[in-house]
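Structure, as structure tokens:
Values quoted throughout were computed directly from the atomic coordinates according to the rules given, and no laboratory measurement underlies them. Keep in mind that what you see is a predicted model, and the values were worked out from it rather than measured. Cβ coordinates were reconstructed from backbone atoms using ideal geometry, including for glycine residues, and neighbour counts include every protein chain displayed.
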Amino acid sequence: MSIAAPQVEGTGREPIAPSDADLAPNNAQKATALRTAVAILEKWGASTEQTLAILRIARITYSRVKRGEVVSLEDDHLTRVSIVLNIHAGLATVFDNPENVYGFMGMRNHNAFFLGRSPLEIMEQGDFMSALETYRRIAARCGGATPAAGRAAPGSAAGELEVSADPSP
């Protein structure tokens, strides 16, 4: 028994699969993602200098994004944007309290990897591995939580995610 290829309704032709180029984000979409990451970093309490270091973007790119202009980004920038967005999504899944969602990244953490530093302090070093390892540690502490998995009670941590009352200066 053979299975016929699906037809585009009313044409008698097979649908054309999109190419990789068709699926790749355009500069406007990339700029939107960067603008979102910058807004999240600001809500986390990151300074402009920290934001530039974490995302590895030039000040002119930062200024253009803040003005709503379209910018061109490299794959490294998009990966860093993805790390910021994924950390934020994990924190928003674990915490109900916006103070924890947005404050966690600036709080000193005393788990082995952080050694009393805040996640922002580690990420602002600017090297890719610091950002990636920070993401991995936070994701592991979030326990792979999904919205369906539930949330911590307001003001409390889920699993072993530590919230310290020691905000960084």
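Modelling each spin label as a point 7 Å along the Cα-to-Cβ direction, I'd like the GLU42/ALA112 distance in nm, to one decimal.
3.8 nm
If you place +1 on the Cβ of every Lys and Arg, -1 on the Cβ of every Asp and Glu, and leave all else neutral, what size is the dipole of region 26-149 about its Cα centre, to the nearest 20 Debye?
Numbers: 14 positive and 12 negative charges, 27 e Å.
In debye, rounded to 20, region 26-149 gives about 140.
Taking neighbour counts of Cβ atoms within 10 Å as a proxy for exposure, in what order, fewest first, do SER72, SER47, SER130, SER118 appear?
On the way: SER72 9, SER47 12, SER130 17, SER118 24.
Going from least to most buried by this count: SER72, SER47, SER130, SER118.
Semi-axes of the equivalent ellipsoid of region 30-86: what are they in whole Å, largest first, if each equals the square root of 5 times a C-alpha gyration tensor eigenvalue?
On the way: eigenvalues 41, 33, 22 Å².
Largest first, region 30-86 gives 14, 13, 11 Å.
Quick one: putting +1 on the C-beta of Lys and Arg, -1 on the C-beta of Asp and Glu, what dipole do you get for region 53-94 around its Cα centre, in Debye to the nearest 20? Can you show the working numbers first?
On the way: 6 positive and 4 negative charges, 51 e Å.
Around 240 debye, computed over region 53-94.
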